[in-house]
Number of protein chains: 2
Amino acid sequence: MSMPPPARVGDPFAEIDTPALVIDLDAMERNIARLAAFATTTGVKLRPHAKTHKSADIGRLQVAAGAVGLCCQKVSEAEAMVAGGIADVLVSNEVFGARKLDRLAALSRRARVAVCADNVEAIEAIAAAAARSGVPITTLVEIDVGANRCGVAPGEPAVALARLIASRPSLSFGGLQAYQGRAQHLRTLGERRAAIDHAIEATRRTVELLKAAGLPPAIVGGAGTGTYDLEGSSGVYTELQAGSYVFMDADYARNKRADGRPYDAFEHALYVIASVMSLPVPERAVIDAGLKTCSTDAGMPEPRGIDGAAYIRPSDEHGIIDLSKSNRRLALGERVALIPSHCDPTVNLHDWYVGVRGYGTASAHVERVWPVAARGAIF
Amino acid sequence: MSMPPPARVGDPFAEIDTPALVIDLDAMERNIARLAAFATTTGVKLRPHAKTHKSADIGRLQVAAGAVGLCCQKVSEAEAMVAGGIADVLVSNEVFGARKLDRLAALSRRARVAVCADNVEAIEAIAAAAARSGVPITTLVEIDVGANRCGVAPGEPAVALARLIASRPSLSFGGLQAYQGRAQHLRTLGERRAAIDHAIEATRRTVELLKAAGLPPAIVGGAGTGTYDLEGSSGVYTELQAGSYVFMDADYARNKRADGRPYDAFEHALYVIASVMSLPVPERAVIDAGLKTCSTDAGMPEPRGIDGAAYIRPSDEHGIIDLSKSNRRLALGERVALIPSHCDPTVNLHDWYVGVRGYGTASAHVERVWPVAARGAIF
């Protein structure tokens, strides 16, 4: 049920079959190094989120650059990362149901694994699975620091759950999960800072209560690509969980810096390469990349390097490059590079990464072909 | 890189792991029978579109009910259908590039295969691939009947391309592709009828010119789930290409019938079954189905059977069932059935179908577990 890869190692760039998910390896490596340097300088740990890349190959590069491990969102995603050699995985999410929890317990025999909980019943279910397996499961309490999604209220309610975890012989209290996901895409720095200041204060207060209760949290995790420097320099968070930084979504570039210019902490390093398959009129180039190739939940992907062009009206297998406001014209078969608006769900549509060295140069060629190992890992 | 299936044949409904893509087999069979009966009554052929289900297992049920074959949108999709026993496939789309065309030519040795073209250069490329393989390729001319996507203009421009196809020894002229995709989701019957009347007239005029040129089209194909009865009773179209009818998108139910009630030509037969994984407050149930489980390009999926509930704010792996306007409350671990807003890209996110007999009854159980064989078939 997997497609064969669209390229082989050594192929020149022009030989890649389309549509293909192409990594600019040089840009990705610079992104990995940049966040690693920030973490080193700031004295905070880095645990990048694998839900962006879904690839143990890329995860190992992050670990080699100093990351303590990876975050995952599902047990099956964690299984894929451990199978690919990642030794330390935090499932930064709630997991419920005996079948999934038994798999999590089994995984705890093979790697350092932790999971989050925000509810008494959920903690009892994790404790029961850990007791069945005979291996303790490290459990973090997720607090809602403004995302209004999962998480118990900060402060005493969180401390009560931490006490419950600590009281169960089959569990080990691992700390706090405190991710403010809604802050990541707030457009101005002022908005992002206000949201994260609130999250930091709620987290700081909870950490103090936990310490007073004799339950100092080993991990205080959170932060994303849009705000990592704020949590990272807070003195409260101990682990940064940014994921998208490795590729940098087009939607993140719609954020603004303090000076109002586009947010550019990282470089775009991921492209969907598509080809013109129909050219009914010169200003409408139909490409072979539609909803099954590019996600559109965060807006349209953006054509790179064609002034005035826009990607419009995607259908299952078609996208249109609208050139009505551009001076450029495209030929049948010509290639177009799209910057994904949201990399996580776009990556999830593909079976393979094609890693290109020297992207954008005459010597651009395929250096890596990696499976998207945790594609479809929804369980 | 595929996930193990979330259920086994014989499992009771409650044992299916979540999130899962579940077919109500009884409803799907009624949908298949209903369109087959319309085709028989009207004297038009049926060639359902496989881009909805991506499954030769379901395609074979459609053929068993009288369909002449299937449509596909990509060569790789056609390969998956032929591998699964479908003997007659029309790639109802343009294909460009020697690598893909050589695969299409190879497929022509194993099944009855046809493809579309809207451009001189594209026709010459297909002719060259067919000449290389030594097997003629049946080629249809796609005309733009109002979708404003691919397709040459109806009338003389289409006839000129048909002449070119007929003049090439390695090609066989197969007819016209005349799909008005934009008409399918126009909300009122009046709007849909106006759009399809225009498409029918453009197609009729082109057919007459082709006949006068000594090139009568064997296939005049088009139509979708929203308008099939209009093209089907036109006397112009010979093959209907509806795909979504097999499952019936939530978005199609937002269309209106002549009397203003929701469009109900077919029944919803596909669900994403998800579980509540976090319940921070009673009116916000967080489920384990987000952007990697449900597509949102045609709006949000709709929770079934919970008055006043809405699916909101999907993120990669989370969805929220907002119960603030509902009297129902959900428990941790409780299951929710979502009707996909757009089945085609939703199906593409999953590795497996779980076919349930007696859906919604106490005896509901798993009767089929089918791979989504052409998931990710983007090449």
Can you pull the percent of the protein assembly as shown's accessible area that's carbon plus sulfur, 1.4 Å probe, other chains left in place? 53 percent
For chain B, list the DSSP H helices whose alpha carbon atoms reach 15 Å or more along the long axis and whose average Kyte-Doolittle value is 0.0 or above? B:25-42, B:120-133, B:156-167
What nm distance separates the two modelled labels at A:Asp259 and B:Asp88, each placed 7 Å from Cα along Cα→Cβ? 6.6 nm
Counting other chain Cβ atoms within 10 Å of each Cβ in B:326-336 and taking the mean gives 1
Losing no less than 50 Å² of accessible area (probe 1.4 Å) relative to the isolated chain, the residues of segment A:272-288 are A:Met277, A:Arg284
Just going by the charge dipole of the protein assembly as shown, with Lys and Arg at +1 and Asp and Glu at -1 on Cβ, which of B:Ala202, B:Tyr359, B:Gly232 is farthest out on the positive end? B:Tyr359
Averaged per residue, what accessible area in Å² does segment A:105-145 show with a 1.4 Å probe, protein chains only? 36 Å²
Estimated buried accessible area (total), pair A and B, 1.4 Å, Å² to nearest 100: 5800 Å²
Please compute the Kirkwood hydrodynamic radius over chain A, one decimal place, Å, based on all pairs of different Cα atoms. 21.6 Å
Keeping all protein chains in position, work out how much accessible area A:Leu46 exposes to a 1.4 Å probe, and write it in Å² to the nearest 10. 10 Å²
Helix-only estimate, please: 222 nm mean residue ellipticity of chain B, summing -39500 (n - 2.57) across DSSP H runs of length 4 or more and dividing by its residues, to the nearest 500. -9000 deg cm²/dmol
Taking accessible area as the heavy-atom solvent-accessible surface of the protein chains with a 1.4 Å probe, which residues of segment B:347-379 lose no less than 30 Å² upon going from the isolated chain to the full protein assembly? B:Asn348, B:Leu349, B:Arg375, B:Ile378, B:Phe379
Determine the shielding of peptide B:145-151 by partner chains: average, over its residues, the number of Cβ atoms on other chains within 10 angstrom of each Cβ. 4
In whole angstrom, how far apart do the alpha carbon centroids of segment A:1-43 and segment B:213-271 sit? 42 Å
Ranked by accessible surface with a 1.4 Å probe, highest first, in what order do A:Val9, B:Val281 come? A:Val9, B:Val281
What ranking do B:179-189, A:72-82 get when scored by the average of other Cβ atoms within 10 Å per residue, highest first? A:72-82, B:179-189
Using protein chains only (no ligands, no nucleic acids) and a 1.4 Å probe, work out which residues of segment A:91-110 have their accessible area cut by at least 40 Å² relative to the chain alone. A:Phe96, A:Arg99, A:Lys100
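The values are calculated or read from the model by the stated rules, or taken from the named source; none is laboratory data. Not measured: the values here are computed from a predicted model. Every residue, glycine among them, receives a Cβ derived from its backbone with ideal geometry; neighbour counts consider all protein chains shown. For the accessible areas, the whole protein counts, side chains as well, though only heavy atoms, and no ligand, DNA or RNA atoms are used. Shrake-Rupley method; radii C 1.70, N 1.55, O 1.52, S 1.80 Å.
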